[in-house]
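Since every read-out is calculated from the coordinates, none of them should be taken as a lab result. Quick caveat, the model's predicted, so the values are computed rather than measured. For neighbour counting, all protein chains shown are included, and Cβ atoms are generated from backbone atoms with ideal geometry for every residue, glycine included.
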Amino acid sequence: MDSLSEILKRFNLHAEVFFSGNLCNLSEFHEKEGKRGHIHILRSGALTLVDENGKKKAVGQPSVLFFPTGRKHRILPDPVLGADLVCATIEYQDVTANPLAAALPGFMKFQLSRYPDLKKAAKWLFKEAFSDKPGRLPLIDRLCDIFIIQVLRQVLASNEMEHGMLAGLSHPQLCNVITQIHAQPEYPWSLETMSELAFMSRSKFADLFREVVGETPGEYLTNWRMTVAQNELLKGDAVSTVAEKVGYENGSALARAFRKKTGLSPKHWQQEHLPE
């Protein structure tokens, strides 16, 4: 399985369109604790984006404005033209346990004319969003999910991420190693096994991994296992079952590592985060 598919398979990400049409009034967006993201796709017209610090950015071409973790922002449509937009919230099962949300920048902008695949996906989305065909609402939600995957593809293809998980997934020598770790967190990974997958010596691999990803291979493995463990706990799985899925001998071994990372036992964390 490819690197992005493995992450999307494990961690829920769903878009829900809440506006499509000509925006003619100020709109303000703010999600407490960044629990949801936002994406705005401009079809035509113009707008001014005001970020959480009051900095303004004029947008006059069809573009994507992407806030993966829902930072506070405002949209001021052009007073004459308005702004034809599709706006959606991005729902996570729990943003603190979603590695994509953590790995992405706080804000990204893409001008559609520069990205043929995004432009093609946007055209299909706009066609449905600005129509009145039967089944329109659930269809545009699903089309927006597809559009976000295209955005994530573009992030990986751009090689613009200098550090972190996405930088590692974009690196020709590290991508396979990280993808395999993601797919098999239960495997007894060692530095030797990882370096062999990268066709490198252990020392060179360890140095490169730390330089690109920002942490040692061992630290990354542990953090990924904890992230997967959190995701499994959110499904209601027992601690002992989760321990087996992420490569720990028993629930006690998982609890020691989990408490070190989160400050809570897996059971306590699960109780705090599962909906009542």
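Numbers for the structure displayed
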quantity	calculated
Cα centre as origin, Lys/Arg/Asp/Glu Cβ charges: region 3-158 dipole, Debye	380 debye
Debye, to nearest 20: dipole size of the chain, +1 on Lys, Arg Cβ, -1 on Asp, Glu Cβ	580 debye
For Cys24, net neighbour charge (Lys/Arg +1, Asp/Glu -1) across residues whose Cβ lies under 11 Å away	-2
Two-site label geometry, Thr48 and Arg114: point separation in nm, points 7 Å out along Cα→Cβ	2.3 nm
Helix-only mean residue ellipticity at 222 nm for the chain, each DSSP H run of n ≥ 4 adding -39500 (n - 2.57), per residue, nearest 500	-14000 deg cm²/dmol
Whole-Hz couplings from phi, Karplus 6.51/-1.76/1.60, listed for region 56-64; x for Gly and Pro	9, 9, 7, 10, x, 10, x, 8, 10
Net lengthening on full extension, Ala58/Ser265 (0.36 nm per residue, minus Cα-Cα)	69.8 nm
His273 versus Arg153: modelled label distance in nm, points set 7 Å from Cα along the beta carbon direction	3.0 nm
Gain upon complete extension [Arg210, Ile146; 0.36 nm per residue less C-alpha separation]	19.8 nm
